[in-house]
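Encoded as C-alpha cells, the structure appears first; notes follow it.
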Amino acid sequence: MATQTLTTTCCIAGGGPAGTMLGFLLARAGVKVAVLEKHADFLRDFRGDTIHPSTLKLMVQLGLIDEFLKLPHSQVQRLSGQVGATTIHLADFSHLPTHCKFIALMPQWDFLDFLAAHGKTYPAFDLHMRTEATELIEEGGRVVGVKAKSPDGELDIRADLVVGCDGRHSTLRERAGFAVENLGAPMDILWFRVSRRADDSAEAFGHMEAGMMLVMLNRNDYWQCAYVIPKGGYDKIKAKGFQAFIDNILSLSPFLRDRVGEIKGWDDVKLLTVAVERLPRWHRPGLLLIGDAAHAMSPIGGVGINLAIQDAVAAANILAAPLKEGRVTEALLAQVQARRTMPMRVIQWLQIQIQNRVLSPVLGGSARPKPPMAAKLFNWFPVLQRIPARIIGLGVRPEHIETPEARL
C-alpha cells in the first residue's frame with residue numbers, strides 16, 4: 001500500500017490532556033492542526049482523573065464550564081490524611097480566588113471526549129484516532145513532519161511544527177535523541193477500585209502506616225484506590241500472597257471489609273511505575289515537547305494533568321499567531337520552555353521533598369509513623385491549609401487563554 005502524504009500547519013503526536021487541549025486551542029485560533037492518537041478511543045482505566053481549579057478556570061474562560069460540570073464527576077473541597085494515629089487536614093480549596101473552589105474528579109476519557117468534541121466544531125481541527133507517530137521526518141537539520149501508522153496504512157504528515165505530547169514514554173523524544181534527567185522516585189502505585197456506599201465519607205483521604213500507604217478518591221459510586229509501595233516492590237508483595245495484600249488494605253481502611261472481595265485477584269490490580277524526570281531541552285528546530293513528554297511528574301497532588309494543560313495553554317498563546325503567519329522559529333519554542341520551566345521545577349522540587357522526607361521513611365520504616373511538625377500546623381492553624389490548596393489547585397504561574405477565537 002502506498003504511503004499517503006498529509007499536510008498541516010501543526011502536527012500533535014498524542015491525544016492526552018496536553019495534546020488535545022493544544023489542538024483545540026490552536027484550531028479555535030484558526031491554525032490548521034492534526035492530532036494523532038494511537039488508540040481507538042480514550043477509554044483506559046487508572047489515568048489521572050483530577051481536574052484542578054486551574055483547569056476549571058480555563059473552562060470558564062472558554063465559556064464551557066456549565067456544560068463541563070454536567071458531565072459525571074465528584075467534587076473535592078478538602079484533602080485530609082491519617083499518619084499513624086493522627087488525622088491531618090492538609091488543604092482547603094473553599095477559599096481559592098477562582099470560580100470553582102474544588103477539584104473535580106472526572107474520568108479522563110470523559111474530559112478528553114469533551115475537549116475533542118468541541119475541537120471538532122472548528123474546521124481547522126483534525127483528529128486521527130488509531131494513528132501513531134513512529135518517526136520524525138527531517139530535512140536540512142529541521143523536523144518537518146512525522147511518519148505514522150494508521151488503519152489506512154502508512155502516513156507522512158508534513159507540518160511547520162511537530163509537538164510531542166506522547167507521554168513519559170515518548171516515541172518522538174526518543175527519536176529526537178533528547179537527554180532525560182531522572183530525578184528519582186521511591187515508590188510505585190497499585191491501582192484498584194472498590195464500590196462506595198452512600199454512608200461512606202465523601203472526602204478523598206490517605207492513610208499511612210509503617211511500610212504502607214493507601215489513598216482513596218471518591219468517584220461517586222466507587223473508590224479509586226492507590227496503594228503506595230516501595231519502588232520495585234511489586235514482586236515482593238505478590239510473593240507474600242494476595243490475601244496478605246488484602247489484609248494490608250483492611251488494616252488501612254477497615255470499613256472496606258464488606259466489599260473488599262470485589263478485588264478478585266492480581267488481574268484487578270494495575271501497577272503504575274512512578275517516575276519523576278525532565279528534559280534539560282524541550283525543543284529542536286521544528287519540534288517541541290510538552291507535558292509528560294517534557295517532564296514526568298510524581299502522582300503526589302495529582303498535578304500532572306493540570307501542569308500539562310498549562311503547558312498547552314502557554315504553547316498556544318506563544319505560537320498560534322506565528323503558526324498562522326508561517327514564522328515559527330526555535331527561539332519561539334524556547335520561549336515556551338522558558339515560560340513553563342519555573343512552574344515545573346517548583347512542583348517537582350516540592351514533590352521530591354515530600355517523597356524523600358515523608359514517603360520514603362514511612363515506606364521503609366517499621367515503627368508507626370508520626371506526622372511532621374509542619375503538617376501538624378495545618379490542624380492548629382486552619383488558615384495555613386490555604387497554602388497547599390493554592391499550590392495544588394492553581395499551581396505556580398497559572399496560564400490564561402490569550403488566543404482569539406477564529407473560524408476558517
Arg339: passes all of (1) under 24 Å from Ala27 (Cβ atoms); (2) among the charged types (D, E, K, R); (3) not assigned by TED's automatic domain parsing to the domain that holds Gly30 but (3)
Selection from the range 152-167 of residues that are on the phi > 0 side of the Ramachandran plot and part of a strand (DSSP E or B): Gly153
Taking the range 372-395 as the search range and keeping residues that are modelled with pLDDT of 90 or more and part of a loop (DSSP other than H, G, I, E, B), which one is surrounded by the fewest Cβ atoms within 10 Å (Cβ to Cβ)? Phe381
Given the structure, is Ala159 among the aliphatic types (A, V, I, L, M), in contact (Cβ under 8 Å) with a residue 12 or more places away in the chain, touching a Gly at 6+ places or on another chain (Cβ under 8 Å) and within 30 Å of Ile65 (Cα to Cα)? no
Given (1) among the charged types (D, E, K, R); (2) more than 30 Å from Phe205 (Cα to Cα); (3) free of Cβ contacts under 8 Å to residues at least 60 places away in the same chain, Arg257 misses just (2)
Scan Pro369, Pro404 and give me the residue that is at pLDDT below 90 and either surrounded by 13 or more Cβ atoms within 10 Å (Cβ to Cβ) or over 20 Å from Met187 (Cα atoms) (or both). Pro369
The one condition in (1) buried (at least 17 other Cβ atoms within 10 Å of the Cβ); (2) part of a strand (DSSP E or B) that Leu271 fails to fulfil: (1)
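Looking at Thr131, is it polar (S, T, N, Q), free of Cβ contacts under 8 Å to residues at least 40 places away in the same chain and farther than 30 Å from Gln77 by Cα?
No; evaluated as a whole, the condition is false for this residue.
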Filtered residues of the range 168-184 (kept if surrounded by fewer than 22 Cβ atoms within 10 Å (Cβ to Cβ), in contact (Cβ under 8 Å) with a residue 24 or more places away in the chain and outside any helix (DSSP H, G or I)): Arg168, Phe178, Ala179, Val180, Glu181, Asn182, Leu183, Gly184
Considering only residues of the range 188-221 that are closer than 16 Å to Ser74 by Cβ and in contact with a Leu (Cβ under 7 Å, 6 or more places away or on another chain), which is modelled with the highest pLDDT? Val194
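The rows are residues; the columns are (1) among the aliphatic types (A, V, I, L, M); (2) at pLDDT 95 or above; (3) within 15 Å of Gly19 (Cα to Cα).
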{"site": "His295", "(1), (2), (3)": "no, yes, yes"}
{"site": "Pro299", "(1), (2), (3)": "no, no, no"}
{"site": "Leu307", "(1), (2), (3)": "yes, yes, yes"}
{"site": "Ala314", "(1), (2), (3)": "yes, yes, yes"}
{"site": "Ala320", "(1), (2), (3)": "yes, yes, yes"}
{"site": "Gln337", "(1), (2), (3)": "no, yes, no"}
{"site": "Thr341", "(1), (2), (3)": "no, yes, no"}
{"site": "Met344", "(1), (2), (3)": "yes, yes, no"}
{"site": "Arg357", "(1), (2), (3)": "no, no, no"}
Determine whether the range 286-296 contains at least one residue that is within 30 Å of Trp223 (Cβ to Cβ) and among the small types (Gly, Ala, Ser). yes
Flag if Ala244 is of a type in the set (Gly, Ala, Ser) and touching an Asp or Glu at 6+ places or on another chain (Cβ under 9 Å): no
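The values are calculated or read from the model by the stated rules, or taken from the named source; none is laboratory data. Computed from a prediction, not measured in an experiment: that's the story for all the values here. Positions of Cβ are backbone-derived with ideal geometry, glycine not excepted, and every protein chain shown enters the neighbour counts.
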